[in-house]
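What follows is a short report on a single structure.
The values are calculated or read from the model by the stated rules, or taken from the named source; none is laboratory data. Note that this is a predicted model, so its numbers are computed, not measured. Heads up, the Cβs are rebuilt from the backbone with ideal geometry, glycines too, and the neighbour counts pull from every protein chain shown. Each accessible area value is taken on the protein alone, full model and side chains, heavy atoms only, with ligands, DNA and RNA left out. Shrake-Rupley method; radii C 1.70, N 1.55, O 1.52, S 1.80 Å.
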Amino acid sequence: MKASPNPTAAAEAQARSSILARLRAPTTPAPLPLPDVKAWFETHQRHEDSAQRVSRLRAALEAVKTEVHDTTAADWPELLLRLIAAKGLRNLLIGSDTPHGAELEARQPASLELKRYAESIDSWRDVLFDEVDASLTLAKSAMAEVGSLILWPTPQEPRLMSLVPSVHFVLLDVATIHADFYSAMSFENWKDRLPAHALLICGPSRTADIQQTLAYGAHGPRELVVLLRHPATQSEGAAA
């Protein structure tokens, strides 16, 4: 006599086969829609003129103990040299081959030593860390929204120039001050020529211990000095 099939065992086998089939089947989840970043920023951006962006950037930088000075394309070397003398700095590190470095060298006073970053770090590590008082680098641009400078290090002005010396001077053209990070990336076309790395600097290096005692210069320069370079014909330049 033929035995009747066990309905429970058959149901379990069918359920197991169904589960395994679903697990083995290729899955192609529907892609999530991308956010419309451009539309969001267009509705949330502040519509400011250049003078307002300059003012907002200055306020944000000064709020975190950054020293900010206005100057012009013609006068910035003299201003920088006066600031260096007032701070009692013995030397200044400049890039190996930059237009602003050459412009400063042309007006170099006898009392100041200009050091070019012309050697590999391995050959002059001790000099860089122990003997360099300050450095000068050019900012690519800035963001008024968060008060941040944007630097793209190059072989001529490596990252260490903005990290190691105790005083960091930054030359910033006011025409490159953008409203926010999105504006900077869009206007400068970052998507097609993204650098190896970018630096966003919001003030001098600072840290605090468990007692909330604030200290400057723990992980980088203890002083950040920004020279806002306006066109020579006016005291306030237009931002991009």
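List of remarks:
- Residue within segment 73-85 that is farther than 13 Å from His230 by Cα and among the small types (Gly, Ala, Ser) present: yes
- Note on segment 36-53: among residues that are among the acidic types (Asp, Glu) and not in a helix (DSSP H, G or I), the one that is most open to solvent (accessible area, probe 1.4 Å) is Asp36.
- Count of residues meeting criterion [part of a helix (DSSP H, G or I) and in contact with a helix residue (DSSP H, G or I) (Cβ under 9 Å, 6 or more places away or on another chain)] in segment 58-91: 4
- When Pro165 is tested against the conditions (1) open to solvent by less than 50 Å² (accessible area, probe 1.4 Å); (2) of a type outside the set (A, V, I, L, M); (3) touching a Phe, Trp or Tyr at 6+ places or on another chain (Cβ under 7 Å), the lone failure is (3).
- Checked against the criteria, Leu93 counts as under 22 Å from the mean Cα position of the chain (by Cα) and either touching a residue at least 24 places away in the same chain (Cβ under 8 Å) or farther than 22 Å from Leu160 by Cα (or both).
- Taken over segment 106-118, the residue count meeting the criterion of being of a type in the set (A, V, I, L, M, F, W, C), under 25 Å from the mean Cα position of the chain (by Cα) and open to solvent by 80 Å² or more (accessible area, probe 1.4 Å) is 0.
Listed here are the residues, each with its yes/no results for (1) at positive phi; (2) modelled with pLDDT of 90 or more; (3) open to solvent by 50 Å² or more (accessible area, probe 1.4 Å).
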site: Ile177; (1), (2), (3): no, yes, no
site: Met185; (1), (2), (3): no, yes, yes
site: Glu188; (1), (2), (3): no, yes, no
site: Ala196; (1), (2), (3): no, no, yes
site: Gln212; (1), (2), (3): yes, no, yes
site: Gly217; (1), (2), (3): yes, no, no
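- Summed over segment 119-140, the residues that are in a loop (DSSP other than H, G, I, E, B) and surrounded by fewer than 12 Cβ atoms within 10 Å (Cβ to Cβ) give a count of 1.
- Tabulated pairs, segment 58-87, first closer than 19 Å to Ala179 by Cβ, second assigned to a helix (DSSP H, G or I) and among the hydrophobic types (A, V, I, L, M, F, W, C), C-beta under 7 angstrom, 6+ apart or interchain: Val68/Leu61
- Here Ser4 meets the list (1) at pLDDT below 85; (2) open to solvent by 100 Å² or more (accessible area, probe 1.4 Å); (3) within 30 Å of Ser183 (Cα to Cα) almost entirely, failing just condition (3).
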